[in-house]
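Peer 1: Please see the structure below; I have some questions.
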Amino acid sequence: MVNRLRNRSKPIPQSFISANKIKPEVWRISEPVIIQTLKNQGFDIKKLKKIKYLRHQVCISYWNEKGGICSGFFSYRIFERWQHVVERLVYNCNSLYEIHRLNQAIAYEFTNYPYPVEIEAAINETIEGCTTQLTELASYKRNQYLVAS
């Protein structure tokens, strides 16, 4: 009989929200920020009517420039706030192992969820910079240990 239990040493890939690393439903993104972000995404927005913060997305009803009411579900990943929270996760990594694990989670995010190009690029730049710093720090510590020995 084949053992169908999953290998517990490998974590199951999850989104940042499902893994409880980011909880955007508690954010209260301001109306001007929402309007500007949606305009940048190509939506024709005059004024917001209603905002409902859900766990995985935000539901927004708005009046368009023609006076019609539109609504839609939008990923939190389109907001700059998301970028800053992910970057904070990167900055909080204290080892190459931690940043490697986080980089795997970010790769999962990029593969499974649409990100604005500029937000994805900024996150990648942050990962590269922090990885370089942690690599240099590990090298320095290794050299200090060798000198002290």
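Peer 1: Which residues, taken from segment 7-56, are of a type in the set (D, E, K, R) and farther than 22 Å from Arg88 by Cβ?
Peer 2: Those that are of a type in the set (D, E, K, R) and farther than 22 Å from Arg88 by Cβ: Arg8, Lys10, Glu31, Lys39, Asp44, Lys46, Lys47, Lys49, Lys50, Lys52.
Peer 1: Hey, another quick one. Quick check on my filter: what residues within segment 41-69 are outside any loop (DSSP other than H, G, I, E, B) and in contact (Cβ under 8 Å) with a residue 24 or more places away in the chain?
Peer 2: Tyr53, Val58, Ile60, Tyr62
Peer 1: Just one of the numbered conditions (1) out of contact with any Cys (no Cβ under 7 Å at 6 or more places or on another chain); (2) within 28 Å of Ala19 (Cα to Cα) is not true of Ile99; which one?
Peer 2: If we test Ile99 against (1) out of contact with any Cys (no Cβ under 7 Å at 6 or more places or on another chain); (2) within 28 Å of Ala19 (Cα to Cα), just (1) comes out false.
Peer 1: A follow-up question, please. Could you list, in sequence order, all residues of segment 85-120 that are closer than 25 Å to Gln41 by Cα and surrounded by fewer than 12 Cβ atoms within 10 Å (Cβ to Cβ)?
Peer 2: Those that are closer than 25 Å to Gln41 by Cα and surrounded by fewer than 12 Cβ atoms within 10 Å (Cβ to Cβ): Arg88, Thr111, Asn112, Pro114, Val117, Glu118.
Peer 1: Which of the residues that make up segment 126-139 are at pLDDT 95 or above, touching a helix residue (DSSP H, G or I) at 6+ places or on another chain (Cβ under 9 Å) and either surrounded by fewer than 17 Cβ atoms within 10 Å (Cβ to Cβ) or among the β-branched types (Val, Ile, Thr) (or both)?
Peer 2: Hits for segment 126-139 are Thr126, Ile127, Gly129, Thr131.
Peer 1: So, one more: If we scan segment 101-115, do we find a residue that is out of contact with any helix residue (DSSP H, G or I) (no Cβ under 8 Å at 6 or more places or on another chain), of a type in the set (A, V, I, L, M, F, W, C) and not assigned by TED's automatic domain parsing to the domain that holds His56?
Peer 2: Within segment 101-115 (the criterion being out of contact with any helix residue (DSSP H, G or I) (no Cβ under 8 Å at 6 or more places or on another chain), of a type in the set (A, V, I, L, M, F, W, C) and not assigned by TED's automatic domain parsing to the domain that holds His56), the answer is yes, since at least one residue qualifies.
Peer 1: Follow-up. Suppose the filter is within 22 Å of Asn20 (Cβ to Cβ), of a type outside the set (Lys, Arg), not assigned by TED's automatic domain parsing to the domain that holds Trp27 and not in a loop (DSSP other than H, G, I, E, B); does Leu134 pass it?
Peer 2: no
The values are calculated or read from the model by the stated rules, or taken from the named source; none is laboratory data. On a predicted model such as this, the values are computed, not experimentally measured, just so you know. Neighbour counts run over all protein chains shown; Cβ positions are idealised from the backbone, glycine included.
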